[in-house]
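In what follows, a single structure is set out as structure tokens and then discussed.
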Amino acid sequence: MKATKIFFLTVLMAFATTASAQYLQELPNVEYMFKIEAGFMHNAGNYGSPQTDATTTDATATGYRFNAWEQAMGLNIINGVNISQDFFLGGGVGYCFCAPMRPVKFDKSSNMAHAFVDMDFRPVGDTWSPMVGLRVGGSFLMNPNNYGNTISPYFEFYGGLNWFYDHALQQMNRNYHSFFAEVGILFEQQSVFVPIRIGWRW
């Protein structure tokens, strides 16, 4: 009976030691992550009620309707946490410069700032991985007219592809180090944009 107790105690201690060692080798489920991205934003059209003339004040306006020939370029900076290697949740801020492009008229340009919550999912398992994401927030227009202080919702759905550039970091071990390309559909002010971006996450 005593030998049996010693045997079970030995097995229990061996199991506990193995489990402890495995736990110490595991990475935390939540880690800090930073993303920066930039790209071109194609103006695909407008939505909502037409605005009044920009030289008049319209207190009920919910956004500025960009003309079809006005295109945009933007930059986003995003901080957040990587959860269980595959899911990201964070907050970001961005800036967009929008101007007529046919021909280019910088004196007719618009400036937009936006803030948003960013969520994306990357089912990692190889050097290349797909990505889908969603952003929800607000947009602030900085135009030199009566629509210059217009605030509107910001909503974006996007998808893309990640390239995990460091082989040592892709085997489910701090695997969020990557370059990525993404394309989406963005509702901002009273216009619809199709953003095409490249970025870096680490």
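Couple of notes before you dig in:
- Options ILE185, ILE151: the member that is at pLDDT 95 or above and either out of contact with any Leu (no Cβ under 7 Å at 6 or more places or on another chain) or of a type outside the set (S, T, N, Q) (or both): ILE185
- In segment 122-137, residue modelled with the highest pLDDT [restricted to those that are surrounded by fewer than 14 Cβ atoms within 10 Å (Cβ to Cβ) and part of a strand (DSSP E or B)]: VAL136
- Residues (within 17 Å of PHE140 (Cβ to Cβ) and not small (Gly, Ala, Ser)) located in segment 74-97: LEU75, ASN76, ILE77, VAL93, TYR95, CYS96, PHE97
- Among the residues making up segment 106-119, those that are surrounded by 18 or more Cβ atoms within 10 Å (Cβ to Cβ) and at pLDDT 95 or above are PHE116, ASP118.
- When residues of segment 65-105 are limited to those that are of a type in the set (Gly, Ala, Ser) and open to solvent by less than 50 Å² (accessible area, probe 1.4 Å), the one modelled with the lowest pLDDT: ALA99
- Output for segment 86-115, where each listed residue is farther than 19 Å from LEU186 by Cα and among the aliphatic types (A, V, I, L, M): MET101, VAL104
The values are calculated or read from the model by the stated rules, or taken from the named source; none is laboratory data. Nothing here was measured: the structure is a model prediction, and the numbers come from that model. FYI the Cβ positions are ideal-geometry reconstructions off the backbone, even for glycines, and counts take in every protein chain you see. The protein model used for the area step is the full one, side chains on, heavy atoms only, and it has no ligands, DNA or RNA in it. Shrake-Rupley method; radii C 1.70, N 1.55, O 1.52, S 1.80 Å.
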